[in-house]
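In what follows, a structure is listed as C-alpha cells, so that the remarks can point back to it.
The values are calculated or read from the model by the stated rules, or taken from the named source; none is laboratory data. Source: prediction; values computed, not measured. Using ideal geometry, Cβ is built from the backbone for each residue, glycine included, and neighbour counts are taken over all protein chains shown.
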Amino acid sequence: MIVFRITFIASAICLLMSCKQDKIEEIIEDCPDVISFSQVVQPLINTNCSTSGCHAAGFISPTLLTHADIEANADNILTRIQKDPTDGQLMPSGGPKLADSFIQQIKCWKDQGKLDN
C-alpha cells in the first residue's frame, strides 16, 4: 500500500512538472525575444490608438500615452484588438483589425511582465 502511494505521488508530481514545463516552452516559442516597450509596443499604440487622436489626452478614455497608461489597460487593449471585425467594439475604431503579428507582440510584452524597457 505504501509503495502504491509513493508511486502515485511521484507520478502526480512528474505529471504536474511536465505540464508546467510545456507551458513555459509554449511561451518561449510564442515569444522568443524580450519585447521592448519603447521600440515595439509604444509605437504600435501610438500609431493605432493615441496619435490618431482617439486615445490622446482629452479625447476618448482611457488615455494611452505613457507606459503607466498602457500597462494599466493592457488586458482591455488585448481584448478589444482581438475582437471580430464585425463586432462594433473592435479597436482601432473604424480601422482594419491589427495584424496577428502585432497582437502577438503585445501579448508577449504583457506575458513578459509589461516591462518599461
**Prompt:** Out of curiosity, is Glu71 out of contact with any Gly (no Cβ under 7 Å at 6 or more places or on another chain), at pLDDT 95 or above and either of a type in the set (D, E, K, R) or in a helix (DSSP H, G or I) (or both)?
**Reply:** yes
**Item:** Conditions (1) of a type outside the set (Asp, Glu); (2) in contact (Cβ under 8 Å) with a residue 40 or more places away in the chain; (3) assigned to a helix (DSSP H, G or I); number of the one not met by Val34
**Value:** (3)
**Request:** Find all pairs meeting these conditions: Cβ atoms under 6 angstrom apart; at least six residues apart or on different chains; first residue within the stretch 43-62 and assigned to a helix (DSSP H, G or I); second residue among the β-branched types (Val, Ile, Thr) and buried (at least 19 other Cβ atoms within 10 Å of the Cβ).
**Result:** Ile45/Ile70
**Prompt:** Taking the stretch 65-75 only, how many residues are in contact (Cβ under 8 Å) with a residue 24 or more places away in the chain and hydrophobic (A, V, I, L, M, F, W, C)?
**Reply:** 2
**Request:** Report, ordered by the first and then the second residue, all pairs with beta carbons closer than 7 Å, sequence separation of six or more or different chains, a first member in the stretch 76-91 that is over 14 Å from Lys107 (Cβ atoms) and in contact (Cβ under 8 Å) with a residue 40 or more places away in the chain, and a second member that is among the aliphatic types (A, V, I, L, M) and part of a helix (DSSP H, G or I).
**Result:** Met91/Ile81
**Asked** Which of the residues belonging to the stretch 92-113 are touching a residue at least 60 places away in the same chain (Cβ under 8 Å) and either of a type outside the set (Asp, Glu) or assigned to a loop (DSSP other than H, G, I, E, B) (or both)?
**Response** Gln104, Gln105, Ile106, Lys107, Cys108, Trp109, Gln112
**Complete:** Sole miss for Phe4 among (1) modelled with pLDDT under 95; (2) within 17 Å of the chain's Cα centre (by Cα) is condition (2)
**Positions within the stretch 42-76 being in contact with a helix residue (DSSP H, G or I) (Cβ under 7 Å, 6 or more places away or on another chain), aliphatic (A, V, I, L, M) and under 18 Å from Gln112 (Cβ atoms), in sequence order** = Leu44, Ile45, Ile70, Ala74
**Message:** Looking for something farther than 17 Å from Ser101 by Cβ, at pLDDT 70 or above and either buried (at least 16 other Cβ atoms within 10 Å of the Cβ) or of a type outside the set (Asp, Glu) (or both) - is there at least one such residue anywhere in the stretch 40-47?
**Reply:** yes
